[in-house]
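In what follows, a single structure is set out as structure tokens and then discussed.
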Amino acid sequence: MIYIMERIGVWVGAILTFAILSFLYKDNPFYKIAEQIFIGISAGYWFIYTIYNILIPNLFTPVLTDFSNNRLLLLPAFLGFLMLCRLLPKIDWVSRYPISFVMGTTAGMSLILFLRSDIIKQTSETMMNPFSAPDLAATIGQLILIIGTLTGIIYFFFSKKHEGVFGTTARVGIYFLMVSFGAAFGYTIMARISLLIGRLNFLLGDWLGIIKP
Amino acid sequence: MRRQFPLIITFFIGIVIIISEFIPHKPFGQLSNTFYGWFLIISGFAIILGQLSLFKINLIKISRKAPNWQYYIIALVSFSIMVLIGILWGTQKQPGLLANTQPLVAFFGRKPFDYLFKYVFENLSSTMFSLLAFFVASASYRAFRARSPESTLLLISAVLVMLGRTTIGTWITGWVPESLTYLHLPNIANFIMEYLNTAGQRAIMICAGLGVVGSSLRIILGIERSYLGGK
């Protein structure tokens with residue numbers, strides 16, 4: 001029975017794959033159906049994921065098993081309930097309290113996290129002696145790294161008009177950013193193509209059995 | 001009360017979390033940890049709110065017979081099925097309300113929630129994202145028409161990275177002698193990724209970091225208050 005259900009699952013997967021790919025021709029009912037199934041299933045998946053992996057272990061289990069030590073958790077539960085009131089237009093303003101809590105926490109955490117990992121860490125990594133590198137290529141690379149980082153930062157400085165020496169430096173910064181965007185773009189293309197190859201593998205391997213893994 | 005109290009909450013929580021980074025002792029460290037735990041719980045409710053909001057919007061569209069309203073029924077039905085199955089029989093690691101799942105596992109080969117995840121969700125999501133390969137191809141054509149020094153650099157960088165990271169790159173420059181090993185496409189791609197790309201990414205990260213710090217301060221100090229809504 002398991003084998004039959006697996007084959008049915010593979011057939012359903014193949015039909016849905018074709019329904020999505022049919023969008024390449026034009027928007028059509030098959031694509032719309034598959035799209036709505038995708039929306040519904042993914043929303044349902046994240047709903048269940050949130051309940052089982054966030055709310056049950058962090059709220060329901062502690063409160064139900066050891067109430068006296070976890071009674072304070074009723075406060076975030078109440079705030080969470082107020083958050084759900086956003087669905088009711090007459091009292092949707094009460095959701096401002098949990099939102100302000102989330103905003104305060106996020107702002108505080110982001111400030112510390114970005115200050116530590118993105119600003120201090122990246123700046124200190126750039127403050128290096130390029131001539132301590134083991135070979136010529138690495139020395140040139142590290143010099144490029146320092147120049148690229150500095151000119152890139154100068155490009156993002158908009159409080160001064162980009163002209164003269166400042167403008168030329170900012171222009172060099174743009175070139176470094178373009179190389180970076182190109183590399184990111186190349187990686188994105190490769191990732192998408194690899195997903196497409198994965199789909200073809202599924203259709204030709206799992207579904208039709210033409211190719212063997 | 002409706003606007004001032006939320007601003008006070010944001011200020012208090014934000015300041016406590018920042019102080020706890022520098023003074024990780026009582027009461028700041030303890031308060032900060034408590035707030036992290038609460039944040040997780042409230043965020044969970046926020047995710048639930050998102051799903052319920054989707055459900056509500058779809059219901060409204062159906063009741064008002066909006067264009068293509070029939071398709072929204074499908075979204076509602078798939079959402080409800082996924083949620084019901086998840087609650088009743090649980091997931092691979094979590095038990096559901098109904099304890100006895102053995103007959104269903106024997107029938108499907110796994111729990112029904114995981115069956116739908118594997119054969120429906122996984123296939124739909126990977127196909128949806130693989131579809132982007134075709135649109136990226138058309139975007140590449142537009143981006144790669146080198147009309148300025150900037151787009152030429154973008155083109156060269158993308159092509160070198162793609163060739164250097166695939167077997168064809170190794171094959172193309174495989175004949176280059178060992179003494180000129182730095183001309184091998186994989187090595188060129190490595191050099192671009194290690195130095196040129198890192199330089200650009202680092203500049204972006206430092207500047208974005210400064211932007212986030214500025215925005216966070218604006219939120220904590222109550223200068224930025226658009227999240228409270230217009231009313």
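Restricting to the range B:205-227, what's the tally of residues that are part of a helix (DSSP H, G or I) and farther than 12 Å from A:PHE114 by Cα? Write out each step before concluding.
We begin by selecting, within the range B:205-227, every residue part of a helix (DSSP H, G or I); these are B:205-220, B:226-227.
Within this subset, residues satisfying the condition of being farther than 12 Å from A:PHE114 by Cα are B:217-220, B:226-227.
Qualifying residue count for the region: 6.
Only one of the numbered conditions (1) open to solvent by 50 Å² or more (accessible area, probe 1.4 Å); (2) of a type outside the set (A, V, I, L, M); (3) more than 30 Å from A:GLY13 (Cβ to Cβ); (4) at pLDDT below 95 is not met by A:GLY182, and that is (1).
In the condition set (1) more than 8 Å from every other protein chain (Cβ to nearest Cβ); (2) open to solvent by less than 60 Å² (accessible area, probe 1.4 Å); (3) touching a helix residue (DSSP H, G or I) at 6+ places or on another chain (Cβ under 9 Å), A:ILE174 is compliant with all but (1). Within the set B:SER126, B:SER140, B:SER151, B:SER130, the sole residue that is open to solvent by less than 30 Å² (accessible area, probe 1.4 Å), at pLDDT below 95, closer than 30 Å to B:LEU88 by Cβ and facing chain A (nearest Cβ under 9 Å) turns out to be B:SER126.
Picking from B:ILE60, B:ILE81, B:ILE48, B:ILE73, which residue would you name as being under 17 Å from A:TYR45 (Cα atoms), part of a helix (DSSP H, G or I) and open to solvent by 30 Å² or more (accessible area, probe 1.4 Å)? The conditions single out B:ILE81. Taken over the range B:84-107, the criterion of being within 8 Å of chain A (Cβ to nearest Cβ), open to solvent by less than 40 Å² (accessible area, probe 1.4 Å) and small (Gly, Ala, Ser) is satisfied by B:GLY86, B:GLY90.
Residues in the range B:181-211 that are more than 7 Å from chain A (Cβ to nearest Cβ) and hydroxyl-bearing (Ser, Thr, Tyr): 1 in all.
Here is a yes/no grid of residues against (1) outside the structural domain of A:ASN58 (by TED's automatic domain parsing); (2) closer than 15 Å to B:LEU217 by Cα; (3) aliphatic (A, V, I, L, M):
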| position | (1), (2), (3) |
| --- | --- |
| A:LEU75 | yes, no, yes |
| A:MET83 | yes, no, yes |
| A:VAL102 | yes, yes, yes |
| A:SER124 | yes, no, no |
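Out of B:SER216, B:SER179, I need the residue that is of a type in the set (Ser, Thr, Tyr) and open to solvent by 70 Å² or more (accessible area, probe 1.4 Å). Which one?
On the way: B:SER216 fails: open to solvent by 70 Å² or more (accessible area, probe 1.4 Å).
Of B:SER216, B:SER179, the one residue that is of a type in the set (Ser, Thr, Tyr) and open to solvent by 70 Å² or more (accessible area, probe 1.4 Å) is B:SER179.
Checking each residue in the range A:1-51 for being among the aromatic types (Phe, Trp, Tyr) and closer than 18 Å to A:ASP206 by Cα picks out A:TYR3, A:TRP11, A:PHE18.
Looking at the range B:71-82 only, could you name the residues that are among the polar types (S, T, N, Q) and more than 13 Å from A:GLU35 (Cβ to Cβ)? Across the range B:71-82, the qualifying residue is only B:SER80. Is there any pair with a first residue in the range A:110-123 that is more than 7 Å from chain B (Cβ to nearest Cβ) and polar (S, T, N, Q) and a second that is open to solvent by 50 Å² or more (accessible area, probe 1.4 Å) and assigned to a helix (DSSP H, G or I) whose Cβ atoms are under 9 Å apart and which are 6 or more apart or on different chains, and what are they? Within 9 Å, the pairs are A:SER117/B:MET205. Selection of the range A:1-53 for residues being open to solvent by 30 Å² or more (accessible area, probe 1.4 Å) and closer than 18 Å to B:ASN58 by Cβ yields A:PRO29, A:LYS32, A:ILE33, A:GLU35, A:ILE37, A:PHE38, A:ILE39, A:TYR45, A:TRP46.
Set side by side, the residues A:ILE144, A:ILE197 differ, and just one is at the interface with chain B (Cβ under 10 Å from one of its Cβ atoms) and open to solvent by less than 60 Å² (accessible area, probe 1.4 Å), which is A:ILE144.
Please work out if A:LEU72 is more than 7 Å from every other protein chain (Cβ to nearest Cβ) and within 22 Å of the chain's Cα centre (by Cα). No; evaluated as a whole, the condition is false for this residue. Of the residues in the range A:131-141, at least one is open to solvent by less than 60 Å² (accessible area, probe 1.4 Å) and under 31 Å from the mean Cα position of the chain (by Cα).
Does at least one position in the range B:106-122 carry a residue that is of a type in the set (Asp, Glu) and free of Cβ contacts under 8 Å to residues at least 12 places away in the same chain? Within the range B:106-122 (the criterion being of a type in the set (Asp, Glu) and free of Cβ contacts under 8 Å to residues at least 12 places away in the same chain), the answer is yes, since at least one residue qualifies.
The values are calculated or read from the model by the stated rules, or taken from the named source; none is laboratory data. All values reported here derive from a predicted model rather than from experimental measurement. Methodologically, a virtual Cβ is constructed for each residue, glycine included, from the backbone with ideal geometry; neighbour enumeration extends over all protein chains shown. Side chains included, ligands, DNA and RNA excluded: accessible areas come from the protein's heavy atoms. Shrake-Rupley method; radii C 1.70, N 1.55, O 1.52, S 1.80 Å.
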